[in-house]
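Data first, discussion second: the structure below is written as structure tokens.
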Amino acid sequence: MFLQLWINIGKSILAGLGALLLVICAWLLYRVLKRRRKIKHKEKCFKRNGGLLLEQQLSSSEGNVDKTKLFTSKELEKATDRYNENRVIGQGGQGTVYKGMLMDGRIVAVKKLKIVGDGKLEQFINEVVILSQINHRNVVKLLGCCLEIEVPLLVYEYIPNGTLSEHIHDQNEEFPITWKMRLQIATEVAGALSYLHSAASIPIYHRDIKSTNILLDDKYRAKVADFGTSKSVAIDQTHLTTKVQGTFGYLDPEYFQSSQFTEKSDVYSFGIVLIELLTGKKPILSIGSGEGKSLASYFIMSMKEDRLSDLLDARVVKEGRKEEINAIAFLAKRCINLNGKKRPTMMEVAMELERIRKCEGDFNAQENSDEVEYDTIELTRPWDVASTSTGSCFNTNASPPLDVQPLLFQKSF
């Protein structure tokens, strides 16, 4: 009887161990299947988010461009403290930007896009491909991206001093944007755009130049950002025919009418930024009754009537020399000529701004060149436009600055 008891106990133990082993096996199988599903989901997201295209592009890159890193979702979750609301440094139509810290101590900006449709996904892939080719000190640096989740992430260098728009339109008396700083910022942005247009094996049109897409670093150096709608073009290609996209007040009227975007369309938008720097006013002026008037038309009218001083920012009038201010005003006037062919190139603009900063030559040399054609535009109704939304020295040989590298060949989308 005693033996039988031990036999029964042994059977119970074996049965328990068998059941436990079965549970453990089932749990391990569940974990394996779950992990496999997770891996497949990541692979699916990676392919859907353009990972194969990006890998192909990066593998063809030469050594003169830093490799764009592919971050894991865990890395960026940890960097942003699981996307803590306290880490939010910016929000817009495309998504939310978080401040984060990588394992190596680098401070970064992590851009988390909103729900991605086909159009937004194309913009995302486009921005990654474009920025992975660019190496210029006045263009925001893309450090990498994360493609293994439903909504992809972009990782940029962290730019601490916000946008140019914030400093122009919400001026802080403790840290004002002086006239000297405005000249420097204008020159740096012009240099970056000249690089994109001219110092590349394949030119790039930014297509959304505005003060909110110009960031300022800790030394108030300009960084051109937001390349979601940018396009690379063939060297012999003079324009892009696309659906009209842009931002009210910055949109080239010639492009709006023809749907043909040229390098001179970027020049027009930059001209508006120059006028913002001069006047401290937004591209669309409110005149009451819900109507708006373009800053460009008001600026041209003020120059024609010789009352530009009434439009200028008080700090510009106080700190700038009259000759400098007039030279910048006439340069801006040339940039916003309604006839794109009569606008200067960005390289010419950059060289002129550098000359003005160094006070070389006759400031009035350009005042009478190419009379500007500009009709007054009253914005009494919204345009049918898709709204988006994100110092170099040049010698007479127009060679790229030493701190930049030529762009790589990349077919346009």
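The values are calculated or read from the model by the stated rules, or taken from the named source; none is laboratory data. A quick note: this is a predicted structure, and the numbers were derived from the prediction, not measured. A quick note on method: Cβ atoms are made from the backbone with ideal geometry, for glycine too, and the neighbour counts reach across all protein chains shown.
Evaluation of Lys264 against the conditions (1) under 23 Å from Gln133 (Cα atoms); (2) within 14 Å of the chain's Cα centre (by Cα) shows that the sole unmet condition is (2). Inclusion of Lys243 among residues that are of a type outside the set (A, V, I, L, M, F, W, C), surrounded by fewer than 17 Cβ atoms within 10 Å (Cβ to Cβ) and part of a helix (DSSP H, G or I) is not warranted.
The residue of region 313-329 that is nearest to Lys180 (Cα to Cα), among those that are buried (at least 20 other Cβ atoms within 10 Å of the Cβ) and not β-branched (Val, Ile, Thr), is Gly320. Candidates are the residues of region 124-147 that are part of a loop (DSSP other than H, G, I, E, B) and out of contact with any Lys or Arg (no Cβ under 9 Å at 6 or more places or on another chain); the one that is modelled with the highest pLDDT is His136.
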